[in-house]
Amino acid sequence: MAFVDEAKIKVIAGDGGNGSASFHHEPYKPKGGPDGGDGGDGGSVILRADRSVGTLLNLSDHPYIKAGPGVNGERSRRYGARGKERVVLVPPGTVVYDEDDVLIADLAGEGNEMIAAQGGRGGKGNVHFATPTRRAPAFAQKGEPGEERRLRLELRLLADVGLVGFPNAGKSTLVSRISAAKPKIAAYPFTTLVPNLGVVKRGEKSFVVADIPGLVEGASEGKGLGDRFLRHVRRAAVLVFLIDLAAEDRDPLNDVEVLRRELVAFDPELGERPSLILASKVDVDPGRLDDVLKRHPEARAISAVTGEGIDIFLEIVSKLVDKARADAPPAVGYVRHVVKEDPVRVVREDEAWRVYGKRAERAIAVTDFENEEAIERLQRRLVAMGVERLLGAAGAEEGDEVRISEVNFNFQPEEQP
Ligand SMILES: Nc1nc2c(ncn2[C@@H]2O[C@H](COP(=O)(O)OP(=O)(O)OP(=O)(O)O)[C@@H](O)[C@H]2O)c(=O)[nH]1
Ligand SMILES: [Mg+2]
C-alpha cells in the first residue's frame with residue numbers, strides 16, 4: 001500500500017581498543033616480562049524490532065548512530081572494557097537494505113534483531129607475542145576500526161482494520177475523524193478512488209485503519225470500481241462493515257449480507273475474519289437504527305459528524321485488534337548473513353600493485369607502524385597469507401611499490417624463487 005515510511009541512516013560501530021605493550025615492572029627489580037593487556041572490543045550497532053515504536057520518523061531526524069569505542073588495554077594484563085553497544089528500536093515490519101539496495105534483513109517480528117555495524121575487535125596486548133626467541137616483544141596490536149555502513153530502512157504499514165461499505169456510507173469521514181488522515185469527502189458515491197490509511201492512536205497503542213473505495217453489489221463481477229482494492233484489506237485483522245442509515249436509494253438492512261457476499265467472492269477467507277457491524281450517520285435517522293438492531297443485535301451506531309458512539313466503537317475495535325494480534329502466529333523475520341568471498345588478491349594499480357582482501361587489510365589496520373617489531377610481525381603475516389607469492393606470480397619485482405589500504409611499501413621478497 002502507498003504508505004511507506006522510509007529512513008536513510010548511517011551506522012558507525014565503535015573502534016576496538018589498542019592492546020598494550022608494557023613490561024612487568026617492580027621497584028629495584030630488573031625489567032620483567034611483557035604484561036600488556038588486550039584492548040576491549042568496540043560496541044556494535046544493533047537494530048531491534050520493538051512494538052513500542054510505530055514509525056521510522058525518529059530515525060529520519062537522527063540518522064547518525066554511533067556505538068562506543070573499546071578501551072585500550074593496560075599494564076599488568078589489564079583488559080580494556082568493551083565499547084558500549086547501541087541498540088536502535090525500529091517498528092516490527094521494518095526491512096533493511098544495504099548500500100547496493102540489497103535486502104539484508106526483514107525485522108518482521110517483535111524482538112527480531114540484526115547487527116547493523118560490527119564493533120572492531122580489540123587489539124592484543126604484548127603478552128600474546130612472547131616466544132622463546134622473542135621474550136620481550138615491545139609491540140602490541142592496535143584495535144580494529146569499527147564497521148561503518150549506510151542503510152535504508154523501509155516500513156510498510158499494513159491495515160489492522162479494513163472499512164468496508166457501500167459508496168457514500170461515510171467511510172472517509174470516519175477515518176478523518178479518528179486519525180490524522182485527510183481523505184477526500186463528498187456527498188456523492190465513489191469519492192474515494194485509491195485507499196487511504198489512517199493511524200489511530202489510543203494512548204500508547206496505535207492501529208492502522210484502511211479506507212477503501214465503496215463496494216457495490218456485483219463488484220466481484222466488475223460492477224462499480226470492481227473489487228481489486230480489496231487486496232488492501234486482505235491482511236487486515238478486523239473488518240468493519242459500515243452501513244448507511246441515511247441511504248435513500250437502498251435498504252441498509254441488506255447491506256451487510258451483500259458486502260459479505262462480495263468479500264467472500266473475492267477471498268473466502270475474508271468471510272471468517274473477525275468483524276463488526278457499524279451503522280453510520282445515526283444523527284440523520286435514528287429511527288432506522290431499530291430495524292438494524294432487530295436483525296443485527298450486536299451492531300453499533302455512530303455519527304462521524306456529532307461524534308456520538310465513536311469512543312465506544314474505538315474501544316471495541318482496538319480490543320478486537322489486540323486479540324487478533326495476540327492470536328496471530330509470530331511473524332518470522334530473517335537476517336541475511338552474506339559471507340562475502342573476499343580472498344587476498346593482487347591487481348596492477350598505476351605503476352604499483354594493490355593488494356585487496358579483508359584479511360590483509362585487517363592485518364594492516366591493527367599494526368602499529370611506529371614499531372619495528374610490529375612491522376616485522378606484519379611481514380610474516382602477509383607472507384603466511386600468500387601475499388608475497390601472489391605478488392611474485394603477478395610479476396612484481398623487488399623494489400616495486402605495493403599498496404594495502406592506505407599503506408605503501410616496497411616489495412622485498414624474503415623467499416627466493
Ligand atoms: N449527517 C452525517 N453525514 C455524514 C456522516 N458521515 C458522513 N457523512 C456525509 O456522507 C457523505 C459521504 O461521506 P464519505 O465519507 O465521502 O463517504 P465514503 O463512504 O467515503 O464514500 P466513497 O468514498 O464514495 O465510497 C458526505 O457528504 C459526508 O459529509 C455522519 O455521520 N452524519
Ligand atoms: Mg470515501
Taking 204-210, 377-383 and ranking on average Cβ neighbours within 10 Å, highest first, one gets 204-210, 377-383
Spelling it out for Gly16: with amide H atoms placed in the peptide plane at 1.01 Å from N, the residues 5 or more places away or on another chain with amide H under 5 Å from its amide H are Gly42, Gly70, Gly120, Arg121, Glu144, Gly146
For Lys319, the lysines lying under 19 Å Cα to Cα, once residues fewer than eight places off in the same chain are dropped, come out as Lys201, Lys205
For the chain, longest principal axis from Cα atoms; helix 372-385 axis from its Cα atoms; angle between them, nearest 10 degrees, is 60
The rounded separation in angstrom of the Cα centers of segment 143-175 and segment 286-361 is 7
Here the FRET efficiency for Arg152 versus Lys29, based on Cβ atoms and R0 = 56 Å and rounded to 0.05, is 0.40
For segment 128-135, in residue order, the Karplus 3J(HN,Hα) values (coefficients 6.51, -1.76, 1.60; θ = phi - 60°; whole Hz; Gly and Pro = x) are 7, 9, 6, 9, x, 8, 10, 6
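Just from its helices, what would the mean residue ellipticity at 222 nm be for the chain, if runs of 4 or more DSSP H residues each count -39500 (n - 2.57) and the sum is divided by every residue, rounded to the nearest 500 deg cm²/dmol? Write down the numbers at each step before the final one.
Values: 8 runs with 82 residues, N = 417.
That comes out to -6000 deg cm²/dmol.
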Taking Cα atoms only, helix 310-327 is inclined relative to the longest principal axis of the chain by an angle, in degrees rounded to 10, of 50
Dividing the mean separation of Cα pairs under 8 Å (6+ apart) by the residue count of segment 164-233 yields a relative contact order in percent of 29
Surrounding charge for Gly271, neighbours by C-beta under 10 angstrom, Lys/Arg +1, Asp/Glu -1, total 0
The residues Asp106, Asp227, sorted from fewest to most surrounding Cβ atoms within 10 Å, come out as Asp106, Asp227
Pro330 neighbourhood, Cβ < 13 Å, K/R = +1, D/E = -1, net charge 0
The size of the Cβ-based charge dipole (Lys, Arg +1; Asp, Glu -1) of the chain about the Cα centre, to the nearest 20 debye, is 960
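Which order do the peptides 176-182, 40-46 take when ranked by the mean count of other beta-carbon atoms within 10 Å per residue, highest first? Please report the intermediate quantities before stating the final value.
On the way: 176-182: 16.6, 40-46: 25.9.
Highest to lowest by the protection proxy: 40-46, 176-182.
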From fewest to most C-beta neighbours within 10 Å, the residues His232, His25, His296 line up as His25, His296, His232
Most packed first (mean Cβ within 10 Å per residue), the peptides 31-38, 55-62, 387-394 order as 31-38, 387-394, 55-62
HN-Hα couplings for segment 34-39 via Karplus (6.51, -1.76, 1.60; θ = phi - 60°), in whole Hz with x for Gly/Pro, come out as x, 9, x, x, 7, x
In whole angstrom, the spacing between the Cα centers of segment 380-394 and segment 26-61 equals 33
Under 5 Å from the placed amide H of Ala105, counting only residues 5+ away or on other chains, we find Val96, Arg336
If amide H atoms are modeled at 1.01 Å from N in the peptide plane, then the residues at a separation of 5 or more from Arg78, or on another chain, having amide H under 5 Å from its own are Gly37
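Work out the FRET efficiency for Thr55 and Lys294 from their Cβ-Cβ distance, taking R0 = 41 Å, and round it to the nearest 0.05.
Numbers: r = 43 Å, r/R0 = 1.05.
So the FRET efficiency works out to roughly 0.40.
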Contact order relative to length for the chain, counting C-alpha pairs under 8 Å separated by 6 or more residues, stands in percent at 14
Under the Karplus relation with 6.51, -1.76 and 1.60 and θ = phi - 60°, whole-Hz ³J(HN,Hα) for segment 257-268, x at Gly and Pro, equal 5, 4, 4, 4, 4, 5, 5, 5, 5, 6, 7, x
Looking only at lysines whose Cα falls under 25 Å of Lys142's and that sit 8 or more positions away or on another chain, we get Lys10, Lys31, Lys66, Lys84, Lys124, Lys340, Lys358
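Every number here is computed from the coordinates shown, using simple stated rules; none is lab data. Keep in mind that what you see is a predicted model, and the values were worked out from it rather than measured. Here Cβ is always computed from backbone atoms with ideal geometry, including for glycine, and neighbour counts include all displayed protein chains.
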